[in-house]
Amino acid sequence: MDPKNTLEKLKLLKSNIEERIVGKSELVDDIIIALISEGHVLIEDVPGVGKTTLAKALADSLSLSFSRIQCTPDTMPSDISGVSIYNKKTGEFELLPGPVINNIVLADELNRTTPKTQSALLEAMEEKKVTIDGRDQKLPAPFMVIGTQNPAESTGTYPLPEAQLDRFMMKLTIGYPQKEASFDMAESFLKGNLLKKTEPILKAEDILDICKEVKSVTVNEELINYAINITEATRNKPEIAWGASPRALLSLLRCAQAKALYKGRDYCIPEDILDSALLTLPHRLILSPQARMNRLSPNKLLKSITLNIKVR
């Protein structure tokens, strides 16, 4: 694929999403980077800021299958993965696929369902398959899980386990819009344009081709060591009980490749590694009790770590 053609397609995808998500350019960049990195995204923010709208805007812009799982305490694992049902006429068991067997899966309010049900997504997110009654069912490519959760309420919620958080490439927040963006959003809403469905502009083949291009972006040895030094430093800081995992390192490198391609380069630079570290690592860091008592945040700790690490 021609690099210029790739950039044009990604810019077109961004502008299509921004018809529904106003004033959040960097956020749209991040979710597109996660898509072409073959990563999953967790969006955590207060109600009403557009978490679900962002996920649907991305799905609507692509000619891909989409499903939404509205997570509740009584949602069962089989409600996500699917079940086998006995057919009396044929005398055989037939597979009824669950909503996870789609290209883009929106797990809305993921922390409102039980850990048992949350774990139904673990295999899908890591291995791109699900096991239903002992039979493996491959998931379509590309495959992306977008989870949302509301941090403002704790009643009736189940915090995501560390193993599941580690499978999300990024944890994003949307935040409240600026005044100018609020005006544009209100004006678009009053004209009836804000809630209309956007037309798909890219196909599965386009995304898969771009994903292949991402994997071909060059990361030299110095930058690989730079990424390793950052992740290792998170494991040696007393304020951090659990540092970045090997999976986190791989996510960091893939994200850096995607960032480079997104900016029109076929090679990574130190800024790609640094930006990707700040994007992919914070939600994976588990702070010590003392650090939590001192109200330290993973983001601040990670920024302080990166200040002391240089590319050699």
Criterion (on the phi > 0 side of the Ramachandran plot and in the same structural domain as Ser15 (by TED's automatic domain parsing)) met by exactly one of Lys128, Lys88, Lys138: Lys128
Among the residues listed as Ala152, Ala141, the single one being at pLDDT 85 or above and within 23 Å of the chain's Cα centre (by Cα): Ala141
Would you confirm, using the coordinates I've provided, whether Ser251 is among the polar types (S, T, N, Q), outside the structural domain of Leu285 (by TED's automatic domain parsing) and assigned to a helix (DSSP H, G or I)? no
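Residue by residue, here is whether (1) closer than 23 Å to Val100 by Cβ; (2) in a strand (DSSP E or B); (3) free of Cβ contacts under 8 Å to residues at least 60 places away in the same chain; (4) assigned by TED's automatic domain parsing to the domain that holds Arg265 holds:
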site	(1), (2), (3), (4)
Leu12	no, no, no, no
Asn16	no, no, no, no
Glu19	no, no, no, no
Val22	no, no, no, no
Glu26	no, no, yes, no
Ile32	yes, no, no, no
Leu35	yes, no, no, no
Leu42	yes, yes, no, no
Would you check if there is a residue in the stretch 24-45 being surrounded by 22 or more Cβ atoms within 10 Å (Cβ to Cβ) and more than 23 Å from Ala141 (Cα to Cα)? no
Residues of the stretch 75-93 satisfying the condition of being hydroxyl-bearing (Ser, Thr, Tyr) and modelled with pLDDT under 85: Ser84, Tyr86, Thr90
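The values are calculated or read from the model by the stated rules, or taken from the named source; none is laboratory data. Keep in mind it's a predicted model, so treat the numbers as computed, not measured. Neighbour counts run over all protein chains shown; Cβ positions are idealised from the backbone, glycine included.
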